[in-house]
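To keep things clear, I will list the structure first and then write my remarks on it.
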Amino acid sequence: MCGIIGYIGPKKVVPLIVEGLKKLEYRGYDSAGIAVVDGEKINRRRVKGKICNLEESLRNEPLSGYYGIGHTRWATHGRPSEENAHPHLDCTGTIVVVHNGIIENYLSLKEKLLKKGHTFRTDTDTEVIAHLIEEYFEDLLELAVQRAVQDLRGAYSIVAISTRDPNKIVAAKDGAPSVVGLGENEFFVSSDINPLLNHTKSIVFLEDKEIAVLDTGRVKFWDYKANALDKRVEQLAWNSLLIEKKGYKHFMLKEIFEQPQVIRDTLSGRVSLETGQVDLKETGLSEKVIKRVERILIIACGTSYHAGLIGKLMIESMAGVPVEVEYASEYRYKDHIMHERTLIVVLSQSGETADSLAAFKAVKSESLPSLAICNVVQSSIARETDGVLYTHAGPEIGVAATKTFTAQLCALALLSVHISTIKGIKSKEEIKNFILDLQKIPHNIEEILNDARVIEELSQRFVSYNHFLFLGRWVSFPVALEGALKLKEISYIHAEAYPGGEMKHGPIALIDEKMPTLVVVPKDRVYEKMLSNISEVKTRSGFVLAVASENDREISDRVDAVIRVPSVNPLLSPFLTTVPLQLFSYYIAVARGADVDQPRNLAKSVTVE
Ligand code: G6P
């Protein structure tokens, strides 16, 4: 949550920072701000709302400066307002700071600073950082920052500049991401790589409790004790074209349509039909380690949690290993009873979700192997686990996860086969057939996308409903959860998902003509059971829309409308049944005039608890 950026170099700083903030806007859009240094002066501009408001303000009244910092906010402490927008100043107006994260002890720090005579102007936790740096300032900004961070508790990434030690940007982080970009005579610091892609491919990831000092000629790295560090420079593989809309009205729609390619990319180089095997050596988890595994724990949040629920069913079915899936935000506070042969899997698109990282840290131990399934290379979670299996989905800008969800399903399907092969659970023939089916999924999704117009037309009949019930069983229950989540987050329509069999334990009381039911009902082992649930809804005057298999002749007579998906291996049906639900939510949200890519109150990367 919150995006931060800093730039020092020969380019025009204001447009560069604004451009960078737009690429970070998915991290929060409650307010935005920029501070640039112009000689002896810090010029600052902050606005409530999105980056476009900041742009407009800068167009009407331009700011001048040579280097600077910017911020896009997802409010935690202090309501969204211009006053609470970053960057924040110290008392003297010579130090200015942006921050992503939460300073948990800010109230006690504020109290101490107030006693020392500091004047606070905002309700934010961030402002204490500016005053702490002021308090510790002697001659070098990096030394003041290094002292200030010793007092901070919580998760944060900060960037500071000061006219008292000019031509310098200082960044520090603990628990929230920060990446430094190394260009030609120019340096960047940012919350993620997106703003850097147009400018440089050479980057350095800051680790927790590290400081970066960017000046006009070089970058130096310190640990929190001010010891110099020799950091590894990495080369980025993503390019800036990946974060353009490419003619689509919204990033979300573009990302839905990218799914066939994303799955091809996630499979690429990892499966062989000739040998009927999956090669996941890249994860770094040896056969010996996998052979020992008798239980898997999947930790995740949001959409990734739903992918985990489907992954559980795939792994249990293909590899015969029991799997538990836990919401990270709940799991971190539970009593942890760890089986000594557990593989811990952290499932996170961004690799930065604070709860997922904290839950993992709570159970991490040298004796338990761990694997991250992440989309963002070198993200915090990816760097914390023993091994990583990357989903090759490319950057996802729409706040509602779509292509990264199906990419996660793909990674989990690969993992299930990998474990199955090593443990000798399924025959070669069975594995080969599964892989063959998996390889056909991109084509199957293309067939659904070719008919997107039908889903668009159908969705228009539902635009004015305010409540939806989603039902599914077995692999389709997590799909129902994900479908309901999509509708809630981008259309602001209340939607609940239930396992079909649970409906009669309560939700059935809600059914009337004002609440349509969306049933996910592919032809699988629970198909007949779902038909009974559909009848139960129909007899209570409920409108039923089904997502069903193309070879299902019966369903049309049982429901009011049907969206067809290709018939596939039942374990893989979530890849297909999810896509119409994504499109359904998308078209309803567009028709209701909602801001699809940046839904209210949400952020893509939840880096606070
Ligand atoms: C936020 C995003 C969701 C995402 C969830 C978990 O809520 O809006 O799309 O599923 O975080 O994020 P992660 O990066 O850990 O998968």
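Any read-out appearing in this document is the output of simple, stated calculations on the displayed coordinates, not a laboratory observation. For clarity, every value in this text was computed on a predicted model and none was experimentally measured. Cβ atoms come from the backbone with ideal geometry, glycine included; neighbour counts cover every protein chain shown.
What is the stretch 279-424's relative contact order, in percent, from Cα pairs under 8 angstrom and six or more apart in sequence?
Values: 281 pairs, mean separation 43.5, N = 146.
RCO, the stretch 279-424: 30 percent.
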Original post:
Once phi is turned into θ = phi - 60°, what whole-Hz ³J(HN,Hα) does the Karplus curve with 6.51, -1.76 and 1.60 give for every residue of the stretch 188-202, x standing for Gly and Pro?
Top reply: 10, 9, 7, 6, 8, 7, 3, x, 8, 4, 6, 10, 7, 10, 8
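Please report, in debye to the nearest 20, how large the charge dipole of the stretch 3-236 is about its Cα centre when each Lys and Arg carries +1 at its beta carbon and each Asp and Glu carries -1 there. Kindly include the intermediate steps, with their values, before the conclusion.
On the way: 31 positive and 34 negative charges, 60 e Å.
Computed charge dipole of the stretch 3-236: roughly 280 debye.
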Original post:
Roughly what % antiparallel, to the nearest 5, for the DSSP beta bridges in the stretch 241-393?
Top reply: 10
**OP:** Apply the Karplus parameterisation 6.51 cos²θ - 1.76 cosθ + 1.60, with θ equal to phi minus 60°, to every residue of the stretch 291-304 and state each ³J(HN,Hα) to the nearest whole Hz, in sequence, with x for glycine and proline.
**Re:** 4, 6, 5, 10, 7, 10, 10, 9, 10, 6, 10, x, 4, 4
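So if each residue of separation counts as 0.36 nm, and I subtract the Cα-Cα distance between residue 447 and residue 362, what length gain in nm does that give?
Working: separation 85, 0.36 × 85 = 30.60 nm, distance 4.35 nm.
Full extension from residue 447 to residue 362 adds 26.2 nm.
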Original post:
Which value, in Å to one decimal place, does the Kirkwood hydrodynamic radius take for the stretch 193-305 when every pair of different Cα atoms is included?
Top reply: 19.1
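Once the piece of chain linking residue 236 and residue 111 is laid out straight, how much longer is it, given 0.36 nm per residue of separation minus the C-alpha distance between them?
Numbers: separation 125, 0.36 × 125 = 45.00 nm, distance 4.35 nm.
Additional length available on full extension: 40.6 nm.
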Original post:
Hey, got a sec? Which trypsin sites (Lys or Arg not before Pro) in the stretch 552-598 land in a DSSP loop and have at most 12 other Cβ atoms within 10 Å?
Top reply: 553
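By the gyration tensor of its Cα atoms, with a ≥ b ≥ c the square roots of the eigenvalues, what is the shape of the stretch 3-236: rounded for a/c under 1.5, prolate for a/b over b/c, or oblate? Please list the in-between numbers first.
Details: a/c = 1.39, a/b = 1.07, b/c = 1.30.
Because its axes are fairly even, with a/c under 1.5, the stretch 3-236 counts as rounded.
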Subject >> Largest-first principal axis extents of the Cα set of the stretch 452-591 (Å) >> reply: 35, 32, 25
**OP:** May I ask which residue of 363, 314, 280 lies farthest towards the positive end of the charge dipole of the chain, with charges of +1 (Lys, Arg) and -1 (Asp, Glu) on Cβ and the Cα centre as origin?
**Re:** 314
Subject >> Inter-label distance for residue 551 and residue 261, nm, one decimal - labels placed 7 Å from Cα along Cα-to-Cβ >> reply: 3.2
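If you take the square roots of the eigenvalues of the alpha-carbon gyration tensor of the stretch 243-450 and sort them as a ≥ b ≥ c, do you get rounded (a/c under 1.5), prolate (a/b over b/c) or oblate? Show your work: numbers first, answer last.
Values: a/c = 1.98, a/b = 1.16, b/c = 1.71.
Because a/c hits 1.5 or more and a/b fails to exceed b/c, the stretch 243-450 counts as oblate.
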Subject >> Amide H contacts under 5 Å for residue 544, placed H, 5+ residues apart >> reply: 517, 560, 561
Original post:
In debye, nearest 20: dipole of the stretch 435-576 around its Cα centre with unit charges on the Cβ of K, R (+) and D, E (-)?
Top reply: 260
Original post:
Which percent of the Cα-Cα distances in the stretch 98-199 go past 20 Å?
Top reply: 41
Original post:
So what are the radius of gyration and Dmax for the Cα set of the chain, in Å?
Top reply: 25.3, 79
Original post:
Using Cα atoms only, what is the angle between the long axis of helix 13-24 and the major principal axis of the chain, expressed in degrees (0 to 90) to the nearest 10?
Top reply: 30
**OP:** Go ahead and run the numbers for FRET between residue 139 and residue 59, Cβ-Cβ distance against an R0 of 30 Å, rounding to 0.05.
**Re:** 0.20
Subject >> Loop GluC sites (Glu not before Pro), the stretch 149-214, which have at most 11 other Cβ atoms in a 10 Å radius of their Cβ (DSSP) >> reply: 184
Original post:
Against the longest principal axis of the chain, how steep is helix 573-591, in degrees 0 to 90 to the nearest 10, with axes from Cα atoms?
Top reply: 60
Subject >> Vicinal HN-Hα couplings computed from phi for the stretch 70-85 (Karplus, 6.51 cos²θ - 1.76 cosθ + 1.60; Hz; Gly/Pro x) >> reply: x, 8, 10, 10, 10, 5, 10, 10, x, 5, x, 7, 5, 4, 8, 6
**OP:** Pull out the extension gain between residue 226 and residue 120, defined as 0.36 nm times the separation in residues minus the alpha carbon to alpha carbon distance; nm, one decimal.
**Re:** 35.3 nm
Original post:
So how strong a dipole does the chain carry about its Cα centre when Lys and Arg Cβ are +1 and Asp and Glu Cβ are -1, to the nearest 20 debye?
Top reply: 280
Subject >> Kirkwood hydrodynamic radius of the stretch 38-125, from inverse mean 1/r over distinct Cα pairs, in Å >> reply: 14.4
Original post:
Pairs 11/488; 245/488; 110/488; 201/364; 245/486; 41/110: which are spaced more than 30 Å apart, C-alpha to C-alpha?
Top reply: 11/488; 110/488; 201/364
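As an exercise, take the mean of 1/r over every pair of distinct alpha carbons in the stretch 153-206, invert it, and state the Kirkwood radius in angstroms. Don't skip to the answer; put the middle values down first.
Numbers: mean 1/r = 0.0838 Å⁻¹.
Value: 11.9 Å, from the Cα pair sum.
Label the stretch 298-359 by shape, choosing from rounded, prolate and oblate, from the square roots a ≥ b ≥ c of the eigenvalues of the Cα gyration tensor; if a/c is under 1.5 it is rounded, and otherwise prolate applies when a/b is larger than b/c, oblate when it is not.
Working: a/c = 2.13, a/b = 1.25, b/c = 1.71.
The shape class here is oblate.
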**OP:** Per DSSP H run of at least 4 residues, take -39500 (n - 2.57); add these up for the chain, divide by its residues and hand me the 222 nm value, nearest 500 deg cm²/dmol.
**Re:** -11000 deg cm²/dmol
Subject >> Förster radius 25 Å - calculated FRET efficiency between residue 532 and residue 464, Cβ distance, rounded to 0.05 >> reply: 0.25
Original post:
Is any residue of the stretch 457-481 close enough, with backbone N under 17 Å, to a label point placed 7 angstrom from the Cα of residue 492 along the Cα-Cβ axis, and if so, which?
Top reply: 463-468
Original post:
So for the pair residue 287, residue 504, with labels modelled 7 Å out along Cα→Cβ, what separation do we get in nm?
Top reply: 5.0
Original post:
So for the stretch 275-315, what percent of the C-alpha to C-alpha distances run longer than 13 Å?
Top reply: 67
